[in-house]
Structure formats: structure tokens, C-alpha cells
1. In region 217-253, which chymotrypsin sites (Phe, Trp or Tyr not before Pro) fall in coil by DSSP and have 14 or fewer other Cβ atoms within 10 Å?
2. Based on the Cα coordinates of region 1-149, what is the per residue volume of their convex hull in Å³?
3. Just to confirm the filter: which GluC sites (Glu not before Pro) across region 19-102 are DSSP coil and have at most 10 other Cβ within 10 angstrom of their Cβ?
4. Which of the peptides 288-297, 170-179, 700-709 is most tightly packed, and how do the rest follow, going by the mean number of other Cβ atoms within 10 Å of each residue?
5. Efficiency by 1/(1 + (r/R0)^6): what FRET value for residue 589 and residue 114, r their Cβ-Cβ distance, R0 = 56 Å, to the nearest 0.05?
6. What is the spin-label model distance, in nm, from residue 68 to residue 697 if the labels are put 7 Å beyond Cα along the C-beta direction?
7. Work out how much length residue 638 to residue 81 would gain on full extension: take 0.36 nm times their residue separation and subtract the Cα-Cα distance, in nm to one decimal.
8. Express the Stokes-Einstein translational diffusion coefficient of region 153-233 in µm² s⁻¹, to the nearest whole number, given a Kirkwood radius over alpha-carbon pairs, 37 °C and a viscosity of 0.692 mPa s.
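The values are calculated or read from the model by the stated rules, or taken from the named source; none is laboratory data. Worth saying up front: this structure is predicted, and the values here are computed from it rather than measured. We place every Cβ from the backbone using ideal geometry, glycine too, and count neighbours over all the protein chains shown. Note: accessible area is taken over every heavy atom of the protein model, side chains too, but ligands, DNA and RNA are not part of it. Shrake-Rupley method; radii C 1.70, N 1.55, O 1.52, S 1.80 Å.
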Amino acid sequence: MSERDPKQPGLVGRRGRRGDLVRKVRGEVRYTDDIKLPRMLHARLLRCPHPHARIVSIDASRALDEESVVAVITGRDMPRRYGIIPWTPDEYPLALDTARFIGDAVAAVAALDERTADLATRLIDVEYDVLPSVLGLDDAERRPEVGLGAKGTDNISKTVDLAFGDVEGALAGSDLVLEGDYYFEGTAHAPIEPHCAIGQYDGDGLLTVWSTTQVPHYLHRELSRVLAISPARIRVIQPPVGGAFGGKSEPFSLEFAAAKLAMVTGRPVKILYTREEEFYAHRGRHPMAMRYVVGAKSDGTLTAVDAKTRIDGGAYSSFGLVTTYYSGQLLTLPSFAPNYRFSSTRYFTNKPPCGPKRGHGSVQPRFAFESMLDRIAVRLGVDPIELRRKNAVVEGQTVNGFRVTSNGYLECLARVEEASGWKTRRGKLGFGRGLGIASSAYISGTNYPIYPNEMPQSAVQLKVDRSGVVTVFNGASEIGQGTDTLLATLVADELGLDLGAVRVVSADTDLCPVDLGAYSSRGTFMNGNAALAAARQIKEKLTAAVADKLGVHPKDVFVTRGALCAVGREADAIAVTEAIQLAEARFGTLGATGWYKSPPKLGGDYRGGTIGASPAYSFTAHVAEVEVDPRTGVVNVVKVWCAHDCGRALCPTLVDGQIEGSVYMGVAEALLEEHVIDERGLHRGPSLLDYRIPTSLDVPDIVSILVESHDPEGPLGAKEAGEGPLHSSIPAVANAICDAVGIRLHRLPFSPGRVLSALRRREAAHGGVAAEEE
């Protein structure tokens, strides 16, 4: 196979703007709600006003009497359960017999316009038998008789107990053992674009659903199963998505309702969630109560970690089985102990269901564990960065059996240490200002698909036109992270094309091969490998045709920008377009498919040992600098340095954007965000006026540092960059607050009230002198 001319700069590794930037700035991108079809109806969902209630009866006659109301459906019209995890399908598109949280959908109304549909929901008469409810972790533990669990005898969703090594013996032999309790409040995704879906059922019996989903393939499967339609008669199209962050990674009530109403009425039906509905539909980050016991030797060597985690899952399973495992399995990199035990229990509560949010299941325990590491370092008089270096898992396998193929962790630590002036500035900035360090690792895609099968996890098809245009048909979901630009860059670079000659068609189940979706940071690794495999097949044909034309051996042909050349015959360069035509004449119409399937037998040899296993892991280190006002308790994050090992930065501008977005979200969760459901089951503030997220004026200065460890199995060495850079930003802020004013905060967010309370407790305990809590 020929190679690229090393003297010619390629597209990979060069900074440049993303392919859809101009169209977005000009307002030319059509999102789901921008789609308007002839004769389209609008629908709204009627939602339960009780945290837990049995549905005695539903009478829609008053709504149907309205002239502009076309149809009403209830749970009886779609009586099949669904769920993103095939082992835990526990939801109905519309609640069938029991509603399990305030906001659970019980009926849907289609009308000529959205306002009429909304008013008609208020005309549906529902008789409820209100049932006992549980609205928090303590409540769920204390009152098993409410019976939200699968067997009806408790409120447990999933329990995982795993142990590796002799934890008790290691703790007994430790020079220092610290314990800590931590609480991470739930948070919402708060995307700019709310959920939206359109269903169309044509005269030939083809159901088409446009959706803001980030998993079109899984939606396609669940629509077929729930609506009892052959998958061959369903098409799912995902238009450009205005933000998702994990919140659109499973089917929702609106997609089923829009599809069913379209089938009932014979007309297209659109459902658009309001911002309030967005908060109640939720699937955001789980609240977690975590207790950690960590042992260490006097030199800072970690000996054992014992973790107990209680998880508030809300009303339904969602990804909860995976969340429960992730809360313990994903903690064993990048710095860890040789002995580990964790017990995690996810509980059902009568609250909006939780699911995956950027850094699924592992952001919360990372906050707790990295805070514990900082406490240990301070108690032992060891530099926190040196403690992490000493305990780094650099190569081989983790304590729970996950292989590590590339690791730039130590370089990440070194880079943030140098960039932040850590050695000369930590602890020396004066009272009220401090630096904090934290580190993390994350998966580059899950090793196994959500439903068991032996087929590829990602695939790409290329169509090569004799005009020189190459079209990439790609099942992956572009949700704002830049997947389309990444794939165009890889294909253009491999074939010597300009980016403008590559078109990308994504996430249409009729046109594109299957990809499992945009979740678990799988895009770069899996989609990228698939695109490279297809492009290299085309490249082989181009080089063969050019070699034949020039009378040289194919291995002497190399690709450069815009042309193919032979070694020593550079003056006889053949333009890529001509090379395509030569290849088409020789081989026939040009096209190729590429696919990716993760290596077999990854993970530990024990029950659940494959959950958390990944083809590769990214590594991150953060240093945060904060100011704390001791009079008001206000924390200001001044600057964050983030070094991220992405394997190779294929599109550095995109990687920078992912790092900056991750840090932004981490700082937001550290200081502001909390998705709180009160004692009545109502959201404390389901709007962007009340749910606090940073504005552009609140964003700290972010220094993005790219570390490239070149993973041997990644596309051109690349790994993930979309979620990993979030995790350790939160504990870095927590540790910086301690450096600034000597307090440890164990509960998120770090609000002014919590900071002031901690400062006052410290003053009372130490006679007016702030000191670290141990």
C-alpha cells in the first residue's frame, strides 16, 4: 500500500474550522423543529400530576369533542414495554396502569395546532388512585414496602458487589486510613435544543420518524418492537442536533407518540417538548451518596480502596444497570491501589428518571476519590501531583482487569504542573486564592454493544463519483461534537482531496449503514476506524490505476494534496480526479465499505467484567485556580489548565472545543447546577431562569493542552476527547478551594451558602484560624 508523501502537509493534525460552522452561523441548518410537512398536526403529552399513582380511568371524550382535535391516544394504544437496556425494559410510551413520577406521560393529543393540542390535554379526565411515594435515597432504603423494584418487594434497581485483592488486610497494614462521605446532586443536560420528533406514515405503509435522538439505530429497533412494525417499514432520520450530552441517548415518549398518532391519523405529527418538559423527561446525571475508605503507606503508596455508593435512579431503569457498574468499574485509572472493593446500589425513586450525562456514571465517584487523594497527600505531607505519579497505572492491566494500550497520563500531569506554575505557586497565593489538582481516565467507546450481537459496531460506506466528489454515508450521530468534520478530514486526507470534495450523509437508517450512536465517547475511535478502512480500499484502487498509467509498482505511488505521484516521477503527478476516473475505468463504479468491531475478550473474567472495558482509555489532568471570598462564600474559578491525552489530535480545533466544553460543564456542576426534586415531587425550578448554568461571562480562562500518546489501535493513533476532560475538573475545583481557604467541601454544588457554613465551622473549631478538615 502506498503512503502519503511525508513532505506534503496533510489535513490530519491541522487546525481548521468545522465543516458546518458557516451554515450554523448563517442560520442555514435545519433542526427537527424547522421541518414542516404538508397537513402536519401538532401534539402534546398529558402528564401525571402525582409522584406515584395508579391510573383508574382515562376519559378523552371532552377533548375529542373539540373541533380542531384530531386524535387522542393512551397507554392502551401502545401496551408494550421498552428500554434502552434489553434486560430492563420497564417503561411504556404512555403510562399503562401506573405513573411513577410527576411528569410521567399518560396520554397524547393531536390537533391542528400546538396551542389547541395543549388546551385539549386539560380536557382529558384522568382518575388517579394516589399511591405512597419515595423521593430520596434515604426514603427508598427506609421504605421497601413502596415496592418500586422489579419484584415489588423493595425499591432496588440494581446492586453490584465486586472485590479485587485483600482489601481488609491491606487497610489493616496501612500507615494511614481516611474515610469520607460525599454527595453529588443530580444535574440536567440543559441542551439549547429541546427534544422534538415528527412521525409520518405514508400510503405505502412506511413510517418515517425525524428525531433529535443521538441513537437512531436503537430508536429504530424500539419503534419496531413497541409498535409491532417490521423494521423494514421504518425509517429514522436524525437531523442536526442542537446539543445532547447524553440526554438524547435513548427513546422517549414523544417519538413513540408522534409515530403512533401519525399511524392513527394518516397525517404527519410533530411533538416538541417545552423547556419544563425537558427537565421532567430528564435522564440527567444521577445523584450519588458515596462513602470512601482509602489506605496508604507513609510514603504515599496507596494500599486499598473501599467504596460504597448509593445511586438515586429516579422512576425507571434507563441505563441504570450500566450506571451501577460504571460507578465502581471506571475508577481504577489513572492512579489507584492494588486492592479494591466496591458496593453500588441503584434505587428507584418517584422522581424524573436519571440516565447518562457526559461522563456517564463516573463523574460522581471521581469527585469523591480525587478529593480523598488530596486529603491523603496533605496528611502525609506529600505533593498531590507526586502522590498521583507514585500510584499511576502506566501499562498492563488495571486491578479490575482492563487492559491499557496507550497512556499519556504522566505527561498530562507534567504539562499542567508546568503550565500552572504548580511548584512555585501552590499554597503561596495568599488566603482566598488557591490551586487544586485532579486527574481521571475515560473510555473510548464501550467494548460491547448494548444488545448482544456479533455484528460491527460502526460502519461507513463511500461513494466515489468521477467528478472527484466522495460521499461518506455514515450511521454515526452528529450532535455538535464534530463527527462529520472528523470523518470528512480522515477520508479527504487519505485520498488527497480537499475537504470541500467530501460530503457526509449521517444518521439516516435508510441511507446509512448501522452505527450504534453517539454515546460513551465512541465516535473518534470506532467511526474513525471504519472510515479509514473504507478510504484505504479506495486508495488502493487509485494507486493501482495510477501505477498502471505510469508504469511503476503500486507501492511506489504516494498520495499528496490533490494528486498521486510516483517516487522519482513527481513531475508526472496525476490529479486525484483523473486518478478516480482511471480507477473507475479499470475497476468499475467505485465504492467501499469500512467497519469497526472491538477486539474480543476485553475486560475481566467475572460477572460484569466487560462493563467498562474499552478498546482504549484517554487520560486527563486538571489544575484549577480559584478565588474564594470569605465574606460572601462566592467561589470564582479564575483559570483551568487541562491536559488531555487524546491519542492523536486528528482535528485539533475540535479537540480544543471538546476540552473547553467539558471544563465549562464541570465548572458549572461544581459551582451552580442541581436538579432538585422537592418533598412534593416537583422540580425546584424547571426553567433556564431558575436552573443555574454559567453564561459566557462566567466561563473561566481555559488552557487546553493536547497530549498525544498514539494508541496502536486508534484511527491514526486517536482516542476520545468528548467526555474524559470533564471528570477531574470538578475535584480540581474542590481541591483548589481547600488550598485557598482550608475547607473540604463534600457536597455539590459549592454554593456560597455551603462555603460560608464550612468556613464558620472551621472558625469555631480552630479559634478563628481556617484549617483543613480531616
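1. Working: sites: 218, 245, 252; in loops: 245, 252.
Within region 217-253, no chymotrypsin sites (Phe, Trp or Tyr not before Pro) qualify (loop, at most 14 other Cβ atoms within 10 Å).
2. Working: hull volume 41.0 nm³, N = 149.
Spread over its residues, the Cα hull of region 1-149 gives 275 Å³ apiece.
3. On the way: sites: 28, 66, 67, 91; in loops: 28, 66, 67.
Passing sites in region 19-102 are 28, 67.
4. Values: 288-297: 21.4, 170-179: 15.8, 700-709: 19.0.
Sorting 288-297, 170-179, 700-709 by mean packing, highest first, produces 288-297, 700-709, 170-179.
5. 0.75
6. Placing both labels 7 Å along Cα→Cβ, they lie 3.9 nm apart.
7. Numbers: separation 557, 0.36 × 557 = 200.52 nm, distance 4.82 nm.
The residue 638-residue 81 span can extend by a further 195.7 nm.
8. Values: Rh = 18.9 Å.
Answer from the Stokes-Einstein relation: 174 µm²/s.
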